[in-house]
Structure formats: structure tokens, C-alpha cells
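What follows is one structure encoded as C-alpha cells, with my remarks underneath.
What follows is calculated from the coordinates using simple rules that are stated; it is not laboratory data. What you see is a predicted model; the values in this text were computed from it and never measured. FYI the Cβ positions are ideal-geometry reconstructions off the backbone, even for glycines, and counts take in every protein chain you see.
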Amino acid sequence: MTAQTKAGEKGRSYFLALENCQDGGVRPLADVIEKLAYNEQGLVPVVAQDARTGEVLMLAWMNQLAVEQTLATRRMTYFSRSRNELWIKGQTSGNFQQLINMRIDCDGDAVLCSVVPAGSACHTGRKSCFYLEVAPDEKQVHLRRSADTWNFDPE
């Protein structure tokens, strides 16, 4: 078992203990961030949701530093697995996401962030990365192009 896996298991037990806590109880933020159940790469999945509409915009990853930077700046900061570095959403595109609220799931292994997006969330220029709609009865996948597409010119 790797050190990161052991830390993740310790984090899960921390969150399991919270299940019996009284409503309204508080915990130090630094402790909770440290105890998140980061995976073997030191990452936790993060869902970004439009605070105004409730629409799920994207799924990304954060390491502990990205969580801390997001909370300090209120700008969504993710960890790019392909570039192996922190990534501030919108830093190059201008499509920033302002953090409104952060929630952690009951196991501490997933984070939900309500954000106000300033443009598209998806690299394709769409408002949401979840534009492929599965139609199981038809055995097809529909591409939603118009309703959730921002004005975008890839050229």
C-alpha cells in the first residue's frame, strides 16, 4: 500500500467519523483539506456546477495545493494531469470560474463546487463538457450543439 493510499484511507475514516457528529458542528478547514481522500496521484475529483442554473459544467481534478489556492483566490484552480501542473481555469482563455460554494461528499473523496462561469467550461467552446447525451432506448448518443454552446470561434 502506497503512502498516498494510506493517507486516503485515513481521510475516509476521518469523514466516516463525521457522520455521527451533530448538525451545526464545525471543523478546522485546514484539517478537512488535509484529510480529503486524495487518490494515489494525490488528486481528488471535482465537479463544477453553474451556481445560477445548477447545470454540471465539468469534471476536473485538484491536489491539496489547488484546493487551497481555489479557496484563497475564489478562482477555480485545478491540477492538469496531462501537464502535471496547477491550472487556473480561464487563465489563457478568459473563461474563469468564480467559486461561490464548495462542498465535500460524505466520504471525502469528491468535491462539488458551485461556480459562476465567465464563458465556456469545455475546451470545445461549449458551456458544459457534458454535451454528449446518451439515448439508451435508441442505442445512440446525441450531440447537443446549440442550446448549451457559447459564441465560440476556434480559429
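Sort the stretch 3-119 into rounded, prolate or oblate with this rule: let a ≥ b ≥ c be the square roots of the eigenvalues of the Cα gyration tensor; rounded if a/c is under 1.5, and if a/c is not under 1.5, prolate when a/b is larger than b/c, oblate otherwise. Verdict is oblate for the stretch 3-119. The H on the amide N of Leu57, modeled in the peptide plane, is under 5 Å from the matching H of Ala48, Gln49, Asp50, each at least 5 residues off or on a different chain. In the stretch 3-119, taking the dipole from charged Cβ atoms about the Cα centre, the farthest positive-side position among Gly42, Ile88, Gly54 is held by Ile88. Each peptide in 61-68, 95-102 was scored by the mean count of other Cβ atoms within 10 Å over its residues; highest first, the order is 61-68, 95-102. Karplus-derived 3J(HN,Hα) values for the stretch 64-77, using 6.51 cos²θ - 1.76 cosθ + 1.60 with θ = phi - 60°, are 4, 5, 5, 4, 5, 5, 4, 5, 6, 9, 6, 9, 5, 10 Hz; glycine and proline are entered as x.
Distance from the Cα centroid of the stretch 26-46 to that of the stretch 100-135 is 19 Å (rounded to whole angstrom). The count of lysine pairs in the chain with alpha-carbon distances below 26 Å, taking only pairs 8 or more places apart or on different chains, stands at 5. Unpaired cysteine residues in the chain (no second Cys Cβ under 4.7 Å): Cys21, Cys106, Cys113.
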